[in-house]
Amino acid sequence: MHRPLLPIAIAALLVSPLAGASTDAEIAELRMLIEQMKSQYERRIQALESRLAQAELAAKPSASPDASATSAPRAIQAETRPMTAPLASPAVTDAPRSGLEGVSGGDAFNPRLSVILDGNYYHDSHAGEGAALLGNAWQTASGGLDHAHDHAADEDHAHDAHAHGTPSNGFNLREAEIAFAATVDPYFDAALYLSVDGDGHVELEEGYVQTRSLPAGLRVKGGKFLSEFGYVNKQHPHEWDFVDQNLPYLNLLGQHGLQDTGLQLTWLPRLPIYTLLGVEALQGDQERFGATLDPTQQQALGLGRTNDGPRLWTAFAKLAPDLGVNHALQLGLSHAHNSQHQEVQEHTHGHAADEHHPEEIEVHRNGLDGDADLWGVDLVYKYDGGGAHGHRDFKFQTEYLRSIKDLTIRSSAHPEVVGSRRTFTTDGFYAQAIYGFAPRWSAGLRYDVLGLTNEVSGGRQEDAGSSDRWTFDVTWNLTEFSRLRAQYAYNSILESAHERERFDAVYLQFLMSLGAHGAHAF
Amino acid sequence: MIARLLTALLVLTLGVGTAREAAALAVVATSTSMGALARAVGAERVGVIVLAAPDRDLHALQAKPTMIRALRDADLVIAVGAELEVGWLPLAIASAANPRIQPGQPGYFEAADQVVRLDVGIPADRALGDVHPAGNPHVNLDPVRMSAIAAALAERMAGLDPDGAAGYRANAAGFAAALEQRLPSWQERLASAPGVLLYHRDALYLLDRFGVPLLGTLEEVPGVPPTARHLKRLTEQLRGRAGVVIHTPYQSPRAPRQMAQILGWPVYSLPLDPPADADAQAYLDHLDRWVMSLSPQP
């Protein structure tokens, strides 16, 4: 684009003395301009020469390294003196790239590919059932282990309690995450995340496109993705600071969190502090929050069929004041609404034995449907200690979730309750802190609790308390690409309203990152 | 109530950024070196925000919300490049929803891409550490390369802001002249420099420019901490000769101090980048510090 300028500038220089109107200053400026262009052209010619030399080299593959070293004129070597250092490798030179820069470099037209291997040794003092129990802690609205999702009727049990993140005692390969990401064209970026579990079951974690050239700070994402509800929801398991997910997310949203198919719109307005506003319209196929039953159960329980999507709507706002280079704080407020939620609640009646009948237990199933709301508040604070490899870095993270299900009983063995409304409210929070106590080493402490509130409307309080847990871990980042972690947790989990399990759980985890450099998200 | 809130929000939205709009170009630089370059070339026509403090590892930063906010309104991003900021800058740029600064656009400038890089073509094998086949990215310590980068930056700024074109080119030439002026004294000081033991190959371009011997690196391969075996071997090789140990503030000082003590050499902690808010003068003074530290001990 500068090429036509050179002749024009020269012409101008030649013409201007004739015109007689030019001053010395103008001449000096033009001279400088030409000097500038000259030096630019020299650089380009050097680049071309060195490229030519490389091309010549490539054309003579049989040449010995010594011969090629002497035959290849290194345009730049006159400028960069060779190293006199005994250990330094010789200064290999290369032509500058074409000016189409890219920090991500190196992948040409192929998508960036990365693989994360995530495996562990796990042991708990609850006969290996502890990890499954963590995600099925008792809550008022739940019918215990027989959960709302169509898991119960699933013929393919690949996806039941013992998959994706719920380990058994002993060795587990939690997942191999395979990620592809690329810029599609000037308008779109796209990414695909596949998760392969230890049994070889493949699951699509995310597959989405996202705009890159909308004006006014707008971005649109479409496809299957992790919702930006809250803070930890959009993190993949290998990004967590602990091996396992916190109790409120596990129990209110399920193993996968809010992972759904739909559209997201975010807006980054021109405000003095970072403010991100977003809304999402999602299909609503959820494990926990706004789950629907399968058609057989719907029919058996007198519940309506699953409505057309989108059924799940979210809105979120994130705020981050500027606290200088060493501190970072982000506050978030999120809301999600699912227009359809169905669940089965089981209760039992014990009939005491009398002279005519032996003791028997009768199981009653109530079918409920309605809608569900979820509120989330999050706070993340990070301190950059400036030490080597995360030494003295500190991170504090906390979130509060509150789920409110507004349901109507559609069918029951007790006809008098059919048609009556029940509102089930369950909440929970976690708070965790991570500190880099040495270069490459960090320690973390987490407290999480589910069911500070367990309420059913109509004054029917059946609060049996809450499930909680203390977790401690130590992480060793050998390099940017490998990570080893040891974690201990003391769990106090309600198995049912009257039964509390207290158990210890230990993880030894490895996380390996292969391929493209991972992104350091906040 | 809501209407009033919205009005307030709108007023706030429009009112913000006017300070930076006074400048013809809103520039975001990743490091203070790049910030100094932007100020040297752009002078009063640019408003510069620097994302990283000079004593931090540019390779290890996170894409913080405040960075994303700064990138949102930038006309030009100046990165060091060659994958130095690969962990956070692409993510921050993507999150900033600003089409002008996407890689490939005129508003995205990589310094290392403007010059010939060293250490290019290392096998892409991470058994050799955190290697980057695109080459050593730390071009900011070589004054001659920086003057070439300044010239390229002037052209880029001229393209984005044609009204200031003459000024940008003149400023880049001025920067080059100021460097020229100091070069002879630096060359003289470093002609008999004994050599340096670095932690990482991050001052390579400076050493290469002035022919200062690189006596070794404390880490055996990039991004992997020094091993006792490697340090022992270095000690055996270097015992008896003169030299200096230099590390950056974000590299663990333990191994450098230990080596300096064993070898009887001085040890310095020097940042790769000049202080915050550095301009051309501060950048040259920063190089002075490096030259002084590398010079033969009196």
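Structure above, values below:
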read-out: Per-residue ³J(HN,Hα) for the range A:214-226, Karplus 6.51 cos²θ - 1.76 cosθ + 1.60, θ = phi - 60°, Hz, x for Gly and Pro; value: 6, x, 6, x, 9, 9, 10, 10, x, x, 9, 7, 7
read-out: Using θ = phi - 60° and Karplus 6.51 cos²θ - 1.76 cosθ + 1.60, couplings along the range B:199-212 (whole Hz; Gly, Pro as x); value: 7, 9, 6, 8, 10, 4, 5, 5, 4, 5, 4, 9, x, 7
read-out: Under 5 Å, built H, 5+ apart or other chain: amide partners of A:THR453; value: A:ASP427
read-out: Difference of contour (0.36 nm per residue) and Cα-Cα distance, A:ALA182 to A:HIS347; value: 54.3 nm
read-out: For chain B, accessible area per residue (1.4 Å probe, heavy atoms of protein chains only), Å²; value: 37
read-out: Nearest-20 debye value, chain B charge dipole, Cβ charges on Lys, Arg, Asp, Glu; value: 640
read-out: In degrees, nearest ten, helix B:165-190 long axis to first principal axis of chain B (Cα); value: 10
read-out: Calculated FRET efficiency for the pair A:LEU478/A:TYR447, C-beta based, R₀ 25 Å, to 0.05; value: 0.30
read-out: Ranked packing of A:192-201, B:286-295, A:422-431, most packed first, by mean Cβ within 10 Å; value: A:422-431, B:286-295, A:192-201
read-out: Where labels lie 7 Å past Cα in the beta-carbon direction, separation of A:LEU277 and A:LEU263 in nm; value: 1.8
read-out: Length gained when the stretch A:ALA431-A:LEU379 is fully extended (0.36 nm per residue, less Cα-Cα span); value: 17.8 nm
read-out: Interface burial for A against B (accessible surface, 1.4 Å probe, total of both chains, Å², rounded to 100); value: 6700
read-out: Principal axis box of the range B:186-294, alpha-carbon based, largest edge first, Å; value: 42, 29, 21
read-out: Where labels lie 7 Å past Cα in the beta-carbon direction, separation of B:VAL221 and B:LEU183 in nm; value: 3.8
read-out: Greater than 31 Å apart at Cα, pairs in A:LYS318/A:LYS405; A:LYS221/A:LYS395; A:LYS221/A:LYS405; A:LYS405/B:LYS64; value: A:LYS405/B:LYS64
read-out: Cβ-Cβ FRET estimate between A:LEU508 and A:LEU333, R0 fixed at 51 Å, reported to 0.05; value: 0.85
read-out: Residue-wise HN-Hα coupling along the range A:297-313, computed from phi with Karplus coefficients 6.51, -1.76, 1.60 (Hz; x: Gly, Pro); value: 5, 4, 5, 4, 9, x, 9, x, 6, 5, 5, 5, x, x, 10, 10, 10
read-out: Efficiency of FRET from Cβ geometry, A:ASN110 and A:THR423, R₀ 35 Å, rounded to 0.05; value: 0.10
read-out: Delta accessible area of at least 10 Å² on complex formation, residues of the range A:308-326, 1.4 Å probe, chain isolated as reference; value: A:ALA320, A:ASP322, A:VAL325, A:ASN326
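The values are calculated or read from the model by the stated rules, or taken from the named source; none is laboratory data. Since the model is a prediction, treat every value here as computed from it, not as a measurement. All Cβ positions, glycine included, derive from the backbone under ideal geometry; neighbour counts span all protein chains shown. Just so you know, the surface numbers come from the protein's heavy atoms only, side chains and all, with ligands and any DNA or RNA stripped out. Shrake-Rupley method; radii C 1.70, N 1.55, O 1.52, S 1.80 Å.
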